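Below is one structure, written out as structure tokens; the observations come after it.
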Amino acid sequence: MTDASATAAPDAMIRLENLTKAYPGQAEPAIGGLSLEIPRGEIVVFVGPSGCGKTTLMKLINRLIEPTSGRIVIDGQDVTEMNPDELRRGIGYAIQQTGLFPHRTVAQNIATVPRLLGWSAEKVSARVDELLTMVGLAPDTYRDRYPRQLSGGQQQRVGVARALAADPEVMLMDEPFGAIDPITREALQNEFLRIQRDIRKTIVFVTHDIDEAVKLGDRIAVFGPGGRIAQYDTPEAVLSDPADDYVAEFIGSGAYVKRLTLTPLSRVAAATDWPTVPSSADREERVAALRSADRDFVLVLDGDRRPVGWLGRDLAPDDDRLTGNGLPLLSSLGPDDTLFDALNAMLASNADVVVVTGEDGRYRGTLGMAAIQELIHTASPAAGAGPERAAGPAPGRSDSPGTDSPGKEVR
Amino acid sequence: MNFFDHLAGNYAEVLALTGEHVVLVLQGLVLASLIGIPLAVLTYRAELPRSVVLAVAGVFLTIPSYALFGLLIAPLGLGTAPAVTALTMYALLPVVRNTVVGLRGVDPAVIESARGMGLSRRQILRQIELPLAWPVIITGLRVATQLLLGIAAISAAVNGPGLGNLIFQGLSSAGTPFAVYLALEGILGIVVLAVLADLAFAALNRVSTSRGLRVD
């Protein structure tokens, strides 16, 4: 038995024990004696270069590839010997090429597993509409379309809906957002996180893109050559404390910049000492506010305390730009934007501060360059937690101080 | 007396022989499908059996038809039996080949996702692979039909049924006044049947293929 089973966490949803896959005629096994625990309700990302065995390991979980030896335990049940078709009906499966059935409508595609499980027609059709709505496709418009009548991004949404159809506890996803343009891809990733916040599935997600892994994973398993897992830990820990030179090299340059994407602004305290003035204030009040301000700009807030613009201290008292909303606000960032977005906005507008708003769009405060620097060096919860790099449960991202991460919304 | 006068006087026989011709071709086509499609399903995933089946069906097609009909007299006697047997052998290649090509042409990602969702091997074949291969299989049947409509004329040489009888009658009475008319009536019947069969297959393809597979 291995370390992993000795320290078995009670809430491990998937437990792989000493799993080996060897192909005849090959000296080295594709996967050799690998043990891994995947906690319930988390997204675990298998990341690594092509041919590192990450897809093989994923397919071992639903036995699309049969293991040579070892055990697979899902939700406490040893599934190594059970009927593979029945096993797979209980596990959601989505792949990069979507594999949608071209001769069946969107609704029929999504209904595949519920039909196999013998659901009633009404239950199936209600579920189809529910899922289409969840993935952002209007049921009335898309239900009866065929896959070829959908864009690549829409096909992926249907693929994810189909994988979720029978409400499986476990989902396996093999680069589901791989072959999609970057903008659609980001939208899909954000939606995926939003959906996962509600459904809390145990998800194994395979990608070769470390940025995607960092963005989506509660934990990341970095695969090295020969089916070896070089590091299995939270994204913070992988980025701040790579296990070895291989992991460091795989992360590539810019580990600190990547870490910026891990912290949503909702988890950041915004400074509230910036001088503001209500948009209802008249010219004299505005001039007075500028005089007393210790900054070069004063922020204008409307009646609902939404930031609307800036007043500059260099404006003469009779300048027209002193009235109205002032200079336009180049950017304000919501709770779902990250430190990365904040830094990017600063660089884009050549400012050293950005305005942060709450969920309702109201002013929450400001965030400065110095604050970001400080945050990235002090506020990484997993930094220095090196010894915890075993397969047991470690504090996930959502356990960090502050409010529970609301994830990202579609923009 | 021109050709049309002759046809007007002979139309009852022409129609009866046309009916026989259709039945003969359908028998060959149905038998070839009943043998060929299962053979293709059984062998399309295995390299060696697939090559053997396709090679044998290919050899059948290369045997000169006059010779094959004649050779079959020894085991099967005269009449419909050797004719249907020979036609079945000729139709096998287009039926088997197109079924194999159609099944092998199904996107592997579609199969993988079907397996990943827990469809059994049999369910994948019935619900996914055969429907997706169907347009290609139909094309095979269409080609086979055109082929058989022509070759079926030879069955008259073994006392079989069909429009071949008009052609052989004409050929054997070469030099007599209406010899050419007889042969022409046989040929005309076959050409008309070929055109109708093509239309029928186009219609069948349209109604039996999923809208999701149509390229329009």
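Bear in mind these aren't lab numbers, they're just calculated from the coordinates by the rules spelled out. Predicted model, so just to flag it, every value in this text is computed and none were measured. Ideal geometry is used to build each Cβ from the backbone, glycine not excepted, and the neighbour counts take in all protein chains shown.
At a glance:
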read-out: Scattering profile of the stretch A:7-257 at q = 0.11, 0.16, 0.18 Å⁻¹ [log10 I(q)/I(0), Debye over alpha-carbon scatterers]; value: -0.60, -1.21, -1.44
read-out: Charge dipole magnitude, Cβ of K and R +1, D and E -1 - the stretch A:267-374, Cα centre, debye nearest 20; value: 100 debye
read-out: Considering only chain A, percent of DSSP beta bridges that pair antiparallel, nearest 5; value: 55 percent
read-out: Spatial separation of Cα centroids for the stretch A:39-118 and the stretch B:40-110, in angstrom; value: 39 Å
read-out: Cβ-placed point charges (K, R +1; D, E -1), dipole of chain B about Cα centre in debye, nearest 20; value: 960 debye
read-out: Cut-off under 5 Å, modelled amide H: who pairs with residue A:231 long-range; value: A:222
read-out: Shielding by partners, peptide B:103-112 (average Cβ within 10 angstrom, other chains); value: 3
read-out: Axial C-alpha extent at least 18 Å, average Kyte-Doolittle at least -1.0 - helices from chain B (DSSP); value: B:3-43, B:47-62, B:80-104, B:130-151, B:179-208
read-out: Of B:168, B:201, B:178, the one that fluctuates the most in a GNM where chain B has Cα springs shorter than 10 Å; value: B:178
read-out: Karplus-derived 3J(HN,Hα), 6.51/-1.76/1.60, for each residue of the stretch A:320-336, Hz, glycine and proline x; value: 5, 6, 6, 9, x, 9, x, 5, x, 6, 6, 7, 10, 10, x, x, 8
read-out: Charge dipole (the protein assembly as shown, unit charges on Cβ, about Cα centre) - positive-most of A:184, A:41, A:80; value: A:80
read-out: GNM top mover of A:78, A:174, A:337 - chain A, alpha-carbon springs below 10 Å; value: A:78
read-out: Nitroxide proxy distance, nm - points 7 Å out along Cα→Cβ at residue A:133 and residue B:109; value: 3.0 nm
read-out: Of B:123, B:27, B:146, the one that fluctuates the most in a GNM where chain B has Cα springs shorter than 10 Å; value: B:123
read-out: Estimated dipole of the protein assembly as shown in Debye, rounded to 20 [Cβ of Lys and Arg +1, of Asp and Glu -1, Cα centre]; value: 2100 debye
read-out: Ranked packing of A:245-252, A:86-93, most packed first, by mean Cβ within 10 Å; value: A:86-93, A:245-252
read-out: Shielding score for A:158-169, defined as the mean number of other chain Cβ atoms within 10 Å; value: 1
read-out: Chain A, helix-only ellipticity at 222 nm - DSSP H runs n ≥ 4, -39,500 (n - 2.57), divided by all residues, nearest 500; value: -9000 deg cm²/dmol
read-out: Neighbouring partner chain Cβ atoms per residue of A:89-102, average, 10 Å criterion; value: 5
read-out: Under 23 Å from the Cα of residue A:54 - lysines, other chains or at least 8 residues apart; value: A:21, A:201, A:215, A:258
read-out: Inter-label distance for residue B:121 and residue A:316, nm, one decimal - labels placed 7 Å from Cα along Cα-to-Cβ; value: 9.0 nm
read-out: Cut-off under 5 Å, modelled amide H: who pairs with residue A:171 long-range; value: A:92, A:202, A:203, A:204
read-out: Per principal axis, descending, Cα span of the protein assembly as shown in whole Å; value: 124, 71, 44
read-out: Under 5 Å, built H, 5+ apart or other chain: amide partners of residue A:14; value: A:38, A:75
read-out: Efficiency of FRET from Cβ geometry, residue B:202 and residue A:360, R₀ 56 Å, rounded to 0.05; value: 0.35
read-out: Using θ = phi - 60° and Karplus 6.51 cos²θ - 1.76 cosθ + 1.60, couplings along the stretch A:211-228 (whole Hz; Gly, Pro as x); value: 5, 5, 4, 5, 6, 9, x, 6, 9, 10, 10, 8, 8, x, x, x, x, 9
read-out: The stretch A:243-271 and the stretch A:186-209: distance between their alpha carbon centers, rounded to Å; value: 19 Å
